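Rule-based calculations on the coordinates, nothing more; no lab input. As the structure is a computational prediction, the values presented were derived from the model and not from experiment. Virtual Cβ from ideal backbone geometry, glycine too; neighbours counted across all protein chains shown.
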Amino acid sequence: MTFCGTLWMLILYMTIFIHSLLIAWGVCYRLTRPHLPQGISGRAKLILVDFVVGYGFALGAFLDKLGICHKYIVLRALYDALPTRKDSKLIRKDLVFDGVPVRVYWPKTSPAGNRRGIIYLHGGAGLIGSIRVYEMVCCSIAHQSDSVVMSVGFRLAPEHPYPVPVLDCLTAAIHFLKNAKEFGVDPSRIAIVGDSSGGTFAAAVCQELVTREDLPRLRAQVLIYPFLQAVDFDLPSYQQNQSVPPLFRKRVVKFGMTYITGKDVNVDRVIKGAHLPPDLREKYKKWISADYIPEEFKARGYALKAPAPFSEELYEKNKRALEAMFSPLLAEDDIIRQLPETFILTCEYDVLRDDGLLYKKRLEDNGVPVIHRHLPDAGHSGLSIFGWGPVEFPSSKECMQHVVQFLKVL
């Protein structure tokens with residue numbers, strides 16, 4: 001065998017060996033670490049999806065250590081490799097709005113007048129996800145609600161850390177609002193929609209736009225299991241669901257800190273609250289406290305814990321996480337009370353459940369109409385795999401139905 005042939009065989013064997021180790025580690029980890037509550041639906045599918053995500057993380061971390069690429073590149077590649085299908089009942093165009101790539105979907109049927117418009121911001125913690133990954137979600141919303149949907153391809157961290165992704169969303173939203181009629185959209189019937197971190201961005205963009213008198217007012221905001229605060233990672237939902245896949249408590253905080261710093265940091269003390277000065281903790285208690293979570297959501301257990309000693313170093317590294325653009329729950333009341341009608345969807349077995357419940361209370365306390373839908377047997381990220389066939393969660397279609405039902409009456 002030639003030298004080149006031998007080298008290629010060695011590379012092949014090493015690749016097989018590395019993948020075998022990663023798969024073995026993944027099986028062991030997924031069988032011992034995650035917790036699957038009895039009440040959660042689609043358990044087998046959840047294990048499968050979580051295994052694939054965990055494998056992507058492990059492979060990405062390995063390649064990251066070798067200096068080949070950062071670990072989120074691998075996850076992005078895995079998601080983007082999933083097959084999608086075009087909807088023959090829709091027109092689709094890739095455009096650029098003031099430097100931000102977007103994809104716009106129109107129903108082919110002729111409307112009686114201008115349609116409602118939907119600004120869609122995808123999930124993925126500002127680190128993964130894309131227009132392509134959310135193709136079926138946006139197509140379904142456009143088709144089922146007879147709306148023009150604009151999906152935003154914002155830049156991602158860690159290459160473009162906070163606030164770049166949310167500012168890209170804001171830029172695209174402003175362009176769409178200014179030019180709504182060019183897209184056959186009624187400017188008075190535009191809603192902003194986002195799931196997970198996309199819900200964070202939707203809430204932040206909505207808050208930024210309430211003071212813009214030169215733009216049409218958003219008709220509604222739709223927040224699907226959103227992340228909304230970086231103050232307290234020990235709320236009841238964080239305790240109850242800390243090991244429920246696919247979004248573990250530690251993973252949430254790691255994602256958030258990577259998004260804001262552009263770096264992979266140790267988050268153990270952040271989870272325990274060491275990043276928050278005592279005076280700010282006292283200030284934010286009026287908005288963020290387990291006392292404001294209805295008792296029925298504490299039934300699976302909750303224990304009040306004292307925060308870890310304050311770390312000035314942690315605070316300095318992560319203090320931008322306390323900005324309203326990162327943590328929309330921290331916006332002042334004069335902003336909150338100007339927000340439009342809001343739809344919030346929460347899931348029982350989701351660490352982010354209580355963020356949605358607390359935002360619901362803040363909005364209602366400030367006179368903002370809120371429609372809340374809660375999925376009692378679901379975990380995080382059901383909508384993101386809508387249309388994925390055999391691995392689609394039982395909650396995926398239910399989540400879509402609730403969203404479309406709300407949008408159709410706007």
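Show which aspartates and glutamates lie in cross-link reach of residue 71 when reach means a straight Cα distance below 18 angstrom and same-chain residues fewer than eight apart are skipped.
Of all the aspartates and glutamates, those that pass the test against residue 71 - Cα under 18 Å, at least 8 places apart if same chain - are 50, 80, 159, 264.
Cross-link partners among lysines for residue 93, C-alpha distance below 27 Å, same-chain residues fewer than 8 apart left out?
108, 178, 181, 397, 408
Using Cα pairs under 8 angstrom and six or more residues apart, how large is the relative contact order of the stretch 126-264, in percent?
25 percent
Given a 10 angstrom Cα cut-off, can you work out which residue in 271, 192, 224 is the most mobile in a GNM of the chain?
271
For the chain, rounded, prolate or oblate, judged on the Cα gyration tensor with a ≥ b ≥ c (square roots of eigenvalues), a/c < 1.5 rounded, else prolate if a/b > b/c?
Oblate.
Tell me, which longest segment in the chain has none of the GluC sites (Glu not before Pro) that fall in DSSP loops with at most 11 further Cβ atoms within 10 Å?
Maximal segment without exposed cleavage sites: 1-212.
Taking θ = phi - 60°, what integer Hz values does the Karplus form 6.51 cos²θ - 1.76 cosθ + 1.60 yield along the stretch 352-369, in sequence order, with x for Gly and Pro?
8, 3, 6, 4, x, 5, 5, 5, 4, 5, 4, 5, 5, 4, 9, x, 8, x
Loop-only chymotrypsin sites (Phe, Trp or Tyr not before Pro) in the stretch 31-75, please: DSSP not H, G, I, E or B, and at most 14 other Cβ atoms within 10 Å.
none
Take the chain, connect every pair of alpha-carbon atoms lying under 10 Å apart with a spring to form a Gaussian network, then pick out the residue of 317, 65, 178 with the largest mean-square fluctuation.
Between 317, 65, 178, it is 65 that shows the largest mean-square fluctuation.
Summing -39500 (n - 2.57) over the DSSP H runs of n ≥ 4 in the chain and dividing by its residue number, what mean residue ellipticity at 222 nm do you reach, to the nearest 500 deg cm²/dmol?
Details: 14 runs with 170 residues, N = 410.
The per-residue figure over the chain is -13000 deg cm²/dmol.
What percent antiparallel are the DSSP beta bridges of the chain, to the nearest 5?
30 percent
Below 18 Å, Cα to Cα, which lysines can residue 361 reach? Residues fewer than 8 away in the same chain don't count.
Straight-line reach from residue 361, under 18 Å: 283, 285, 286, 298.
Say we join alpha carbon atoms closer than 10 Å with springs in a Gaussian network model of the chain; which of 202, 173, 61 then has the biggest fluctuation?
Most flexible of the set in this elastic network: 61.
Tell me, what ³J(HN,Hα) does each residue in the stretch 330-346 have, in order and in whole Hz, if you take phi through Karplus 6.51 cos²θ - 1.76 cosθ + 1.60 with θ = phi - 60° and put x for Gly and Pro?
With coefficients 6.51, -1.76 and 1.60, one gets 9, 5, 6, 4, 5, 7, 4, 5, 8, 6, x, 3, 10, 10, 10, 10, 10 Hz.
Order these by the 10 Å Cβ neighbour count, fewest first: 164, 270, 409, 351.
409, 164, 270, 351
As a quick test, which of the pairs 65/305; 86/254; 45/86 have an alpha carbon distance above 32 angstrom in this structure? Don't skip to the answer; put the middle values down first.
Numbers: 65/305 36 Å; 86/254 34 Å; 45/86 25 Å.
From 65/305; 86/254; 45/86, over 32 Å: 65/305; 86/254.
HN-Hα J couplings of the stretch 121-128 from phi, Karplus 6.51/-1.76/1.60, θ = phi - 60°, integer Hz, Gly and Pro as x?
10, 7, x, x, 6, x, 10, 9
Select from 388, 184, 343 the residue farthest towards the positive end of the dipole of the chain; place +1 on Cβ of Lys and Arg, -1 on Cβ of Asp and Glu, and compute about the Cα centre.
The Cα lying farthest towards the positive end belongs to 388.
Give the relative contact order (percent, whole number) for the stretch 125-179; include only Cα pairs under 8 Å separated by 6+ residues. All intermediate terms of the calculation are to be shown ahead of the outcome.
On the way: 29 pairs, mean separation 17.3, N = 55.
Over the stretch 125-179, the number comes to 31 percent.
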